[in-house]
Amino acid sequence: MNNKIKLAVAGAVLASASVANAGITWDAGEWTVDMNGNVNAFAIVADNKDTAQAQGAMTNIESNDSTATSINTGLLPSWLGFTATTRQNDIDTSVTISFQPGASVTGALSSGGSAENRQAFLTFGDKSWGSVKVGKDLGIFGSTAILNDMTLLGVGSQGVVGSSGGTTTTLGRIGTGYIYADWNGQIAYTTPNMNGFQATVGVMQPWNATQSGTLSGTSAGNTDEFGFQGQASFSWTGDFAGKVWAGFFSQEVTGLTDGAATPAAAAQTSDRANAFEAGISATVANINLVAYGYSGEGVGTTGLLRDGYDTTGQARDSDGGYVQATYVIPTGTKLGVSYGVSNLDTASGEANTNLVEENDMLTIGAYHPLTKHLNLVAEYSKVESESQLGVDSESDIFSVGAILFF
């Protein structure tokens with residue numbers, strides 16, 4: 001498997017030994033071209049409920065009870081990637097471009113659904129001194145967390161309560177155990193592998209931050225300073241094999257308002273959003289265990305810098321993590337269970353808002369390699385959310401489907 005699509009599939013490799021180790025390759029002059037990807041789809045049934053505390057009482061009242069069904073891709077989108085590699089002047093170089101077509105629509109005359117273009121980057125380097133990446137690819141902070149998530153082969157959370165399809169992907173465990181690494185413009189350097197130790201640091205395209213008391217608040221931007229991300233890891237092999245890692249995210253956020261009635265009338269201020277993470281994945285015999293945690297200020301939840309600041313420009317703290325255990329039975333089927341939580345605190349002096357306070361999800365899954373390339377998947381996830389105003393929602397999500405890699 002080439003280095004680039006591996007970022008999408010490496011987590012699947014961790015979750016299932018049945019994933020193929022290479023795409024379809026051919027030589028073209030001095031270049032070797034690799035075409036690779038996956039197609040997946042799932043039948044999803046979600047039972048959704050919302051409850052709220054009755055005003056002036058300590059009892060909960062049910063405000064919504066509905067069922068939503070869909071045929072949709074899972075956390076990993078259907079994928080078509082092309083990578084061309086060559087070695088010239090003692091330097092390994094490559095270029096990668098990928099496409100993620102939509103697989104679900106919710107009405108007639110909707111064409112093929114939405115599509116994405118997540119990767120467009122080049123690399124150059126040598127095993128003696130490392131490699132440099134230039135372009136758009138999976139972010140560094142949070143990347144190992146999502147690549148170890150067993151729901152990468154499945155569905156996990158749908159993300160929107162009551163969703164009935166039409167999305168490019170589901171959320172998996174994003175927002176219920178880790179913040180999404182996402183797809184960032186970057187210039188990043190990765191060290192050579194030094195007896196199991198390796199590190200990556202990157203200069204990233206700065207992103208806007210949501211400053212609000214609701215999910216649809218104002219946006220504070222940054223155009224005068226890059227973002228920075230990094231991650232270091234140590235891997236080992238043997239009867240007890242594994243990997244430990246730690247990473248960081250840091251970006252200045254400018255244009256934060258001081259809470260005046262309109263952004264135009266408000267004074268402007270700035271702040272630095274920071275986050276740190278650490279995790280471990282260990283395998284012994286047919287058992288794999290994963291533990292991960294993160295903590296940050298101003299980084300928000302679910303997506304980086306989303307809802308990280310209140311209307312007065314004060315940073316909100318957030319934290320979370322997940323634990324996961326998988327076991328491969330003699331038939332080759334991988335059975336797994338995982339639990340994760342993401343928390344978002346109110347800022348200092350901030351009144352409670354209708355923003356999420358806590359999201360958690362329990363997932364039980366079975367991933368069966370029907371062939372070397374094809375996996376059948378069945379999952380059950382229970383997602384529970386609580387807002388700062390005490391509004392609770394929960395979803396019981398059942399999904400069955402298939403994912404094929406080439």
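Look at (1) farther than 26 Å from F121 by Cβ; (2) at pLDDT below 95; (3) buried (at least 17 other Cβ atoms within 10 Å of the Cβ) and you find that V160 fails only one, number (3). Considering the stretch 351-365, the residues that are surrounded by fewer than 16 Cβ atoms within 10 Å (Cβ to Cβ) and modelled with pLDDT of 95 or more include one that is nearest to R173 (Cα to Cα), namely L362. When the stretch 112-156 is limited to residues that are polar (S, T, N, Q) and in a loop (DSSP other than H, G, I, E, B), the one that is nearest to Q231 (Cα to Cα) turns out to be N148.
Selection of the stretch 234-253 for residues being under 24 Å from the mean Cα position of the chain (by Cα) and small (G, A, S) yields S235, G242, A246, G247, S250. Screening the stretch 131-160 for residues that are out of contact with any Lys or Arg (no Cβ under 9 Å at 6 or more places or on another chain) and of a type in the set (S, T, N, Q) and picking the one that is farthest from L376 (Cα to Cα) gives S131. Limited to the stretch 272-292, what total is found for residues that are within 13 Å of D149 (Cα to Cα) and either among the small types (G, A, S) or at pLDDT below 95 (or both)? So the answer is 3. Pairing residues of the stretch 61-90 that are more than 17 Å from V39 (Cβ to Cβ) and of a type in the set (D, E, K, R) with residues that are surrounded by fewer than 20 Cβ atoms within 10 Å (Cβ to Cβ) and at pLDDT below 95, at Cβ distances under 6 Å and at least 6 apart in sequence or on separate chains, gives E62/T51; D65/K49.
The set of residues from the stretch 366-383 being under 25 Å from D50 (Cα atoms) and crowded, with 18+ Cβ neighbours inside 10 Å comprises E379, S381, V383. Entry remark, the stretch 2-49: residues being at positive phi and at pLDDT below 90 number 0 in total.
The values are calculated or read from the model by the stated rules, or taken from the named source; none is laboratory data. Bear in mind that the values here come from a model prediction, so they are computed numbers and not experimental data. So basically every Cβ, Gly included, is an ideal-geometry build from the backbone, and we count neighbours across all protein chains shown.
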